[in-house]
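**Q** Dropping a structure here in C-alpha cells format, bear with me for questions.
The values are calculated or read from the model by the stated rules, or taken from the named source; none is laboratory data. Keep in mind that this is a model prediction, so the values were computed, not measured. Cβ: placed from backbone, ideal geometry, glycine included. Neighbour counts: every protein chain shown.
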Amino acid sequence: MDHFQYRGGILHAEDVPLPEIAAQVGTPFYVYSSATLERHFRLFEEALEGMPHLVCFAMKANSNLAVVATLARLGAGMDVVSGGEYRKARAAGVPGDRIVFSGVGKTREEMRLALEGGIRQFNVESEPELEALDEVARSMGLRAPIALRVNPDVDARTHEKISTGRKEDKFGVPIARAPEIYDRAAGMAGIEVVGVDVHIGSQLIDLAPFEAAFLKVADLTRELRARGHDIRRLDLGGGLGIPYARDNSAPPLPLDYGALIRRTVGDLGCEVEIEPGRLIAGNAGLLVASVIYAKQGEGRRFLILDAAMNDLIRPAMYGAHHDIVPVQEAPAGAEVMPWDVVGPVCESGDTFARARLLPQLEPGALVAFRSAGAYGAVMASEYNTRPLVPEVMVRGDHVAVIRARPSFDEMVNRDSLPEWL
Ligand code: LLP
C-alpha cells in the first residue's frame with residue numbers, strides 16, 4: 001500500500017494533487033511520500049518485534065538527506081557503501097553506532113573516516129580488506145568491529161545484474177573458508193569480531209533462497225562459536241522484493257520474512273540486522289513527467305516524455321517494468337491503446353515501455369511512473385546535458401523541495417577550461 005491515490009480523478013501524493021507540484025517545480029520530478037516511507041520502515045520493525053534487532057536502511061536505494069532523516073527519526077540504522085553515504089548519514093543525524101559499512105572495495109580513507117566518526121560495524125568482504133582495516137585501526141589505536149560477509153553460494157533467482165550470493169559473484173568470502181578467516185581475524189589487534197554478514201541479492205520475490213542462505217549462516221555461527229568466536233550479531237542483508245506491476249503475484253511480506261528469520265536464526269540469541277532498501281523506498285516514490293509529443297510511427301505509436309533514461313535508468317539497464325499511469329485519471333470505459341513510452345535521449349535504449357496500454361494523451365499531459373522511490377533519483381545522471389531531476393517530499397498537505405533542479409549555470413560552471421583554450 002502507498003499514499004499515491006486518485007482523488008476526484010487526479011493522482012495525489014498524500015493530500016497534494018500532483019499537478020500542483022508540477023506547476024511549482026516543473027517536470028520531470030521525483031516525489032516521495034513520508035507516510036509511505038514511515039509505514040514501510042514500521043513493517044520491518046513489527047516483523048522483528050521481540051527480537052533484538054536493528055533495521056538499517058540501505059542508503060544506496062535513496063540517499064536524499066530528507067529521506068534518510070525521515071527514517072533516522074524513527075530509529076532506523078543505515079547501511080552505507082561509501083564515504084559519501086557515511087557522511088550523509090551523519091549529516092542526517094544518524095549516530096555512528098547505528099551505521100553499518102558494507103561494500104566490496106572500501107578504501108583506507110573510508111575506513112579512517114568511519115572509525116573516526118563512529119561505526120557500528122564494517123562488513124568485510126575479503127582478506128586483503130581485513131588486513132587493511134586491521135592496519136588502519138591499529139594506526140589509530142582502535143579496534144574495528146567487523147562481520148565477515150560470507151558468500152553462501154545460493155542463487156537468489158533474481159535479475160542477473162542484482163544477484164550477489166553465487167560463488168561466481170564478486171561479493172563476500174566463500175562460506176567454506178570463513179572459519180579459517182575468522183581465526184585469523186581473532187588474532188588481529190585492530191579487529192574485533194562481532195558477527196556474520198550475508199546478502200544474496202535484490203528484488204527477491206521468493207523466500208526460499210533467503211531460507212537456504214540463513215540456514216547456512218546459522219550453521220556457520222554454531223561452528224564459529226565452537227571455535228571460540230563471540231558471534232553476537234547476524235546481518236542478514238536486504239533484498240526483499242516489491243510488486244512493480246500491479247497484476248503480478250505479490251512478493252512475500254515483511255511479516256513472512258520476519259517469521260523466516262525467527263525460524264532460521266531465532267534460536268541463536270543474536271541481535272539481527274537487516275538492510276532493506278527497495279521495500280522501504282520503492283513504492284514511496286513516483287517519477288512524474290510530461291508528454292512532449294504523441295507521435296504516430298510506422299505501425300507504432302510513441303509517447304515522447306520529458307523524462308528519459310538519465311532520470312530513471314532501470315528500464316534501460318535491467319529491462320525493468322514500472323507501471324505508468326496518467327495523472328488525470330481516464331474516464332471509466334475510455335479507450336486504451338498500445339504506446340511505446342520513450343524519452344528524448346538519443347538512443348533507442350531510452351525506452352521505458354513497449355506497447356503499454358494507456359488512454360489517448362495529449363502534449364502537456366502528466367504521467368507518473370510508480371515504484372520509482374528506490375534506485376531512481378540515486379541512479380540519475382546528466383547524460384545529454386539534461387539537468388539532474390529534482391526531488392520533492394510530501395507530508396500530508398505539506399510540500400518540500402528536497403533537491404532543486406540545478407540551473408544551467410550551475411551545470412556549465414562545474415566544467416572548466418584548461419589554460420590553453
Ligand atoms: N545490502 C547490500 C549489501 C546490498 O548490496 C543491497 C543492494 C542492499 C542491502 C539493499 O537491497 P534491497 O533491499 O534494496 O533489495 N540498482 C538495482 C538494485 C541494486 C541493489 C544493490 N544492492 C535496481 O535498480 O534494481
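**Q** Quickly run through segment 147-190 and pick out the residues that are of a type in the set (S, T, N, Q) and over 25 Å from R278 (Cβ atoms).
**A** None - no residue of segment 147-190 is of a type in the set (S, T, N, Q) and over 25 Å from R278 (Cβ atoms), so the list stays empty.
**Q** Scanning segment 376-421 for residues that are in a helix (DSSP H, G or I) and of a type in the set (V, I, T), which turns out surrounded by the most Cβ atoms within 10 Å (Cβ to Cβ)?
**A** Out of the qualifying residues, it is V378.
**Q** Here's something else I'd like to know. Could you list, in sequence order, all residues of segment 22-31 that are more than 24 Å from the chain's Cα centre (by Cα) and either surrounded by 24 or more Cβ atoms within 10 Å (Cβ to Cβ) or small (G, A, S) (or both)?
**A** A22, A23, G26
**Q** Right, next: Whether any residue in segment 244-255 is modelled with pLDDT of 95 or more, surrounded by 20 or more Cβ atoms within 10 Å (Cβ to Cβ), among the aliphatic types (A, V, I, L, M) and under 21 Å from the mean Cα position of the chain (by Cα) is what I want to check.
**A** No: zero hits.
**Q** Further question on the same structure: Residues of segment 61-81 being surrounded by fewer than 19 Cβ atoms within 10 Å (Cβ to Cβ) and in contact with a helix residue (DSSP H, G or I) (Cβ under 7 Å, 6 or more places away or on another chain), which ones?
**A** Within segment 61-81, L65, L74 qualify.
**Q** Can I ask one more? Scanning for something within 16 Å of the ligand (Cβ to nearest atom) and surrounded by 15 or more Cβ atoms within 10 Å (Cβ to Cβ), does segment 323-337 turn up at least one residue?
**A** There is at least one residue in segment 323-337 that is within 16 Å of the ligand (Cβ to nearest atom) and surrounded by 15 or more Cβ atoms within 10 Å (Cβ to Cβ).
**Q** Given (1) more than 11 Å from the ligand (Cβ to nearest atom); (2) at pLDDT below 95; (3) touching a His at 6+ places or on another chain (Cβ under 8 Å), identify the lone condition not met by F171.
**A** (1)
**Q** Another question, then. Of (1) in contact with a strand residue (DSSP E or B) (Cβ under 7 Å, 6 or more places away or on another chain); (2) assigned to a loop (DSSP other than H, G, I, E, B), A332 satisfies all except one. Which?
**A** Checking A332 against (1) in contact with a strand residue (DSSP E or B) (Cβ under 7 Å, 6 or more places away or on another chain); (2) assigned to a loop (DSSP other than H, G, I, E, B), the one that fails is (1).
**Q** Considering every residue within segment 294-306, establish whether at least one is in a strand (DSSP E or B), buried (at least 20 other Cβ atoms within 10 Å of the Cβ) and either touching a Leu at 6+ places or on another chain (Cβ under 9 Å) or assigned by TED's automatic domain parsing to the domain that holds K161 (or both).
**A** Within segment 294-306, one or more residues are in a strand (DSSP E or B), buried (at least 20 other Cβ atoms within 10 Å of the Cβ) and either touching a Leu at 6+ places or on another chain (Cβ under 9 Å) or assigned by TED's automatic domain parsing to the domain that holds K161 (or both).
**Q** Only residues that are in contact (Cβ under 8 Å) with a residue 24 or more places away in the chain and more than 10 Å from the ligand (Cβ to nearest atom): list them for segment 274-296, please.
**A** Once the filter is applied, which keeps residues that are in contact (Cβ under 8 Å) with a residue 24 or more places away in the chain and more than 10 Å from the ligand (Cβ to nearest atom), segment 274-296 yields N283, A284, G285, L286, L287, V288, A289, S290, V291, I292, Y293, A294.
**Q** A further question on this structure: Checking G141 against (1) in contact with a Lys or Arg (Cβ under 9 Å, 6 or more places away or on another chain); (2) surrounded by fewer than 23 Cβ atoms within 10 Å (Cβ to Cβ); (3) on the phi > 0 side of the Ramachandran plot, which single condition isn't satisfied?
**A** All conditions are met except number (1).
**Q** Which residue pairs have Cβ atoms closer than 7 Å, lie 6 or more positions apart in sequence or on different chains, and pair a first residue in segment 308-322 that is free of Cβ contacts under 8 Å to residues at least 60 places away in the same chain and over 18 Å from R403 (Cβ atoms) with a second residue that is within 11 Å of the ligand (Cβ to nearest atom) and of a type outside the set (F, W, Y)?
**A** P315/H322
**Q** Just give me the residues in segment 216-244 being more than 11 Å from the ligand (Cβ to nearest atom) and closer than 21 Å to E168 by Cβ, in sequence order.
**A** Within segment 216-244, K216, V217, L220 meet the criteria.
**Q** Now, a different point. Which of the following residues is assigned to a loop (DSSP other than H, G, I, E, B), away from the ligand (no atom under 16 Å from the Cβ), acidic (D, E) and touching a residue at least 40 places away in the same chain (Cβ under 8 Å): E347, E362?
**A** The unique qualifying residue is E362.
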